[in-house]
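Below: the structure, in structure tokens.
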Amino acid sequence: MSTAEIGTTSPATKTSSEVAKPRRTKKPKEVLVGQEKAERNFARLLITPALVVAIVVTQIPFLVTIFYSFQNWNLARPEARSFAGFENYVAVVANGAFLPSLWATVLIVGGSVLLSLVFGLILAVLLDRKFPGQALARTLLITPFLVMPAAAALIWKWSMLDANVGVINYVLSLVGIDAVSWNTEHPALTIVMVLTWQYTPFMMLILLAGLQSQAGEVVEAAGVDGAGPIAIFRYMTLPHLRQYAELAVLLGTIMMFQLFDPVNIMTKGTGGTKTLPYLLYERAFIGQQVGEAAAYGVITVIVVLVVANVALRTLFKVFTEETK
């Protein structure tokens, strides 16, 4: 065997370390010139007013809230205002009402979001089909979301859940079940019922938009190939709805975390329904502790971000598995 033969090896005998890794080519930076650059600048100019308004309406009040959270400010003694550092945050965490309030918020909001998503999906599937009166049905089903939260709480407290004249107790009496004092015996359940009734149309609208964006030709082809309705829904429709469901859960969680009117009108925070916004209201307008209430507001925002992130990572694993 010659020296040249000894020094060379066949590709089959090369180890993985000897195989050169392909180099990643960097995508060249897009350079806009002329009309394209002008169109890009004009598009940015168009959205600038909306961006400025969004910053003024959302970010500046939040920065002011953060500033107040570091102040020792009691409305009963406004002249004694001073810098408190992190004392308000320590008082919030050390307060025995914080953890129960956090748990009540997560439990009520989580249950309401889940139920609203399930019922919204069912209604969206039903409304996605052609039938007489479809437009009227959509309008009527959207109506609960347009009702003011305070009005919705009053409707459910007196018209639906009242122990004497409530519709639900009347229906239960028809089957021999005694009247239930919902607001006192099951306060958390009553709040979940109100939120589910009010936010199911919101979930339905987003999921219905997702269903209508699904390519009908693909579904018809799957049916021709022998796939049944359940298989099509499980392996095609659900993965397609993933991004719409994530958006619905994210927005629904953010909106429901502002829960105040039903708690204030129906339960007054009793029976494990004292949520973080209601606890903030108590500290600001009853305890008159503006700094501590501002700290509750900042912590509530952080909790919303954490819970929404956890929900998006855990609740939709089924969608991720279906798409693999």
key: Amide H contacts of residue 71 (H built 1.01 Å from N, under 5 Å, at least 5 apart or other chain)   = 84
query = What residue among 129, 313, 283 shows peak mean-square fluctuation when the chain is described by a Gaussian network model with Cα springs under 10 Å?
reply = 129
request  = Could you quote the convex hull projected area for the range 89-163, Cα atoms only and averaged over all directions, in nm²?
outcome  = 8.0 nm²
task = Keeping all protein chains in place, calculate the accessible area per residue for the chain (probe 1.4 angstrom), answer in Å².
result = 63 Å²
task = May I have the extent of the alpha carbons of the chain along their three principal axes, as whole Å values ordered from largest to smallest?
result = 100, 63, 53
ask   = Taking 0.36 nm per intervening residue step and subtracting the Cα-Cα distance, what contour gain separates residue 158 from residue 41 on full extension?
value = 36.6 nm
task = Choose one answer from 97, 245, 43: the residue with the largest mean-square fluctuation in a GNM of the chain with alpha-carbon springs under 10 Å.
result = 43
ask   = Pulled fully out, how much extra length does the chain show between residue 90 and residue 234, if you take 0.36 nm times their separation in residues and subtract their Cα-Cα distance?
value = 47.0 nm
Hz values of 3J(HN,Hα) by residue in the range 70-79 - Karplus curve (6.51, -1.76, 1.60), Gly and Pro given as x = 9, 10, 8, 9, 10, 4, 6, 10, x, 6
task = Could you give the size of the charge dipole of the chain about its Cα centre, using +1 on the Cβ of each K and R and -1 on the Cβ of each D and E, expressed in debye and rounded to the nearest 20?
result = 880 debye
key: Spin-label model distance (nm) - residue 258 vs residue 165, 7 Å beyond Cα toward Cβ   = 3.2 nm
ask   = Which one of 301, 229, 284 has its Cα pushed farthest toward the positive end of the charge dipole of the chain, where Lys and Arg give +1 and Asp and Glu give -1 at the Cβ?
value = 301
task = Can you give me the span-like helices of the chain, meaning DSSP H runs with 24 Å or more of Cα extent along the axis and Kyte-Doolittle mean at or above 1.6?
result = 98-127, 290-314
query = Length gain on complete extension for the stretch residue 67 to residue 172, per 0.36 nm per residue less the alpha carbon to alpha carbon distance?
reply = 32.6 nm
query = Considering only protein heavy atoms and a 1.4 Å probe, what is the carbon-and-sulfur percentage of the accessible area of the chain?
reply = 67 percent
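The values are calculated or read from the model by the stated rules, or taken from the named source; none is laboratory data. Values in this document were obtained by computation on a predicted structure and should not be read as measured data. Every residue, glycine as well, gets a Cβ built from its backbone with ideal geometry; the counts of neighbours run over all protein chains shown. These accessible areas exclude ligands, DNA and RNA; they are computed on the full protein's heavy atoms, side chains included. Shrake-Rupley method; radii C 1.70, N 1.55, O 1.52, S 1.80 Å.
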